[in-house]
């Protein structure tokens, strides 16, 4: 998720970089969320999201895109998180 905290450190070999993420047990948190409609419209909302990494709450943004196709016809309010 954009806003997750990562650590970057030098590897043993020249040109090697190690990227570490502090993962944690998933918990539901209120997060600034971007909703993108099938028409390309963008809406910001505070929604509960499952968070599995340490994050900076000022930088974190969850992104949801409405799925287009037969799944949308069956359930027009369905969204998928990317």
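Annotations
- Rounded to the nearest 0.05, the FRET efficiency derived from the C-beta distance between residue 30 and residue 7 at R0 = 35 Å is 0.85.
- Estimated inter-spin distance, residue 42 and residue 21, nm [label 7 Å along Cα→Cβ]: 2.2 nm
Read-outs throughout are calculated quantities, based only on the coordinates presented, and are distinct from any laboratory measurement. Keep in mind that this is a model prediction, so the values were computed, not measured. Because the Cβ atoms are built from the backbone with ideal geometry, glycine has one as well, and the counts that use them run over all protein chains shown.
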